[in-house]
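The block underneath contains the structure these notes are about, expressed in structure tokens.
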Amino acid sequence: MIQFWKACRQSCLLITFLILVLAPAMAQTDIDGIMMKKNNLCIGPMFGYSSWKHYWEGTLKRENLNLGTVSTHMYSVMGVFGISDKLNVLFDVPYVTTKASAGTLHGQKGIQDASLWVKYMAFDKTIGKGDLSLYALAGASVPLSNYVADFLPLSIGLHSKTFSLRAMGDYQLGKFFVTASGTYIYRSNIKIDRDAYYTTEMHYTNEVSMPDVLTFNIRTGYRHNNVVAEAFLDNQTTLGGFDITRNNMPFPSNKMNATRLGTWLKYELNVPRGLSLIATGNYVIAGRNVGQSTSISGGLFYILDFNKKKPASSSLQQQTK
């Protein structure tokens, strides 16, 4: 019991430290080089906060006194299940709220889009003094509520169904690693509550053609025993779309490009075994038709072992490297 309370005290100190030092983000296990073992389920709640005051209207960086600071809160349940040591399924169901500190626009709230990923480790081999793993991932997302997409920047989402394909490589040399990935995201068209709208030309329909998206991510850091600490850079490029017109509201099919710098930390407790704390943060360093947001998030996850052979083991020791 004394050891348990000592571990709890250490965990509280760690959480406080993470909150103080993190530059803000959102980190996902669908983008790392770790696999969950067969019949193990890692699940838990995640909380995120993001805010911005300045944004890019096309390439023009500005602020809007009628909006003030736009903030978003996200509450979600996330998890990953090991179908086998080389095949994992990941899911996420978020509840989102938005708010503007100035002006008359009301924030929105509701269940957003459920996402599901399948992650397969296709290759794993020792090369030189390190281990190289290659992964193929497929993902999809579907809106879970009838929220309004045509109310940016306070909409909780774009209400588009998506399908994603990702290729990823991870190389670990001792306690240090580098992971790189590229993702193509197909987005379905959406319908809005008006019969006509203007982009770069007039459209007499309520259907909006949504441009697809290409993303790249590179992360590097320390991974050993029950600790992961990494820094990452990611880029999102919309394959089409148009710029926000001067002093106008954003539109769902706008070109939305962003480059982010961030950090991601994970600590797995020794007592109780299988309980992990996660904290992450990022900052948008460049963009187009997006807010220059600062984001932080944190989560608490626990591993359930359905093999019924032994207690849940460290998820970091469950890499099939």
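The values are calculated or read from the model by the stated rules, or taken from the named source; none is laboratory data. Just so it is clear, the model here is predicted, and its values are computed rather than measured. We place every Cβ from the backbone using ideal geometry, glycine too, and count neighbours over all the protein chains shown.
So that you can scan it fast, the table gives a plain yes or no per residue for (1) touching a strand residue (DSSP E or B) at 6+ places or on another chain (Cβ under 7 Å); (2) among the basic types (Lys, Arg); (3) not in a strand (DSSP E or B):
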site: Leu116; (1), (2), (3): yes, no, no
site: Asp124; (1), (2), (3): yes, no, no
site: Tyr147; (1), (2), (3): yes, no, yes
site: Asp150; (1), (2), (3): no, no, yes
site: Ile156; (1), (2), (3): yes, no, yes
site: Met168; (1), (2), (3): yes, no, no
site: Gly182; (1), (2), (3): yes, no, no
Within the group Ile218, Ile278, Ile244, which residue is in contact with a strand residue (DSSP E or B) (Cβ under 8 Å, 6 or more places away or on another chain) and in a loop (DSSP other than H, G, I, E, B)?
Ile244
Exactly one of (1) within 20 Å of Tyr49 (Cβ to Cβ); (2) buried (at least 22 other Cβ atoms within 10 Å of the Cβ) is unmet by Gln292. Its number?
(2)
Given the conditions (1) exposed (fewer than 14 other Cβ atoms within 10 Å of the Cβ); (2) farther than 22 Å from Met35 by Cα; (3) of a type in the set (S, T, N, Q), every one holds for Ser155 apart from (1)
Hits in region 90-106 - residues which are crowded, with 17+ Cβ neighbours inside 10 Å and hydroxyl-bearing (Ser, Thr, Tyr):
Thr98
Quick check on region 187-196. Is at least one of its residues surrounded by 14 or more Cβ atoms within 10 Å (Cβ to Cβ), outside any loop (DSSP other than H, G, I, E, B) and of a type outside the set (D, E, K, R)?
yes
Among Gly262, Gly240, which is surrounded by fewer than 16 Cβ atoms within 10 Å (Cβ to Cβ) and modelled with pLDDT of 95 or more?
Gly240
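Being over 30 Å from Met249 (Cα atoms) and not hydrophobic (A, V, I, L, M, F, W, C): is that true of Lys161 here? Spell out how you get there, then give the answer.
Details: over 30 Å from Met249 (Cα atoms): no; not hydrophobic (A, V, I, L, M, F, W, C): yes.
Answer is no for this residue.
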Which condition number does Leu261 fail, the rest of (1) of a type outside the set (S, T, N, Q); (2) more than 22 Å from Leu165 (Cα to Cα); (3) in a loop (DSSP other than H, G, I, E, B) being met?
(3)
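State which residue is surrounded by the fewest Cβ atoms within 10 Å (Cβ to Cβ) when the search covers only region 61-89 and only residues that are of a type in the set (D, E, K, R) and under 16 Å from Pro250 (Cα atoms). If you could, list the steps in order and put the result at the bottom.
First pass over region 61-89, keeping only residues of a type in the set (D, E, K, R): 61-63, 85-86.
Filter once more, so that each one left must be under 16 Å from Pro250 (Cα atoms): 61-63.
Details: Lys61: 13, Arg62: 11, Glu63: 14.
Filtering region 61-89 for residues that are of a type in the set (D, E, K, R) and under 16 Å from Pro250 (Cα atoms), the one surrounded by the fewest Cβ atoms within 10 Å (Cβ to Cβ) comes out as Arg62.
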Might you check whether a residue that is at pLDDT 95 or above, aromatic (Phe, Trp, Tyr) and touching a Ser or Thr at 6+ places or on another chain (Cβ under 7 Å) occurs anywhere in region 164-182?
yes
Spot the failing condition for Gly128; the list is (1) surrounded by 17 or more Cβ atoms within 10 Å (Cβ to Cβ); (2) at pLDDT below 95, and only one is missed.
(1)
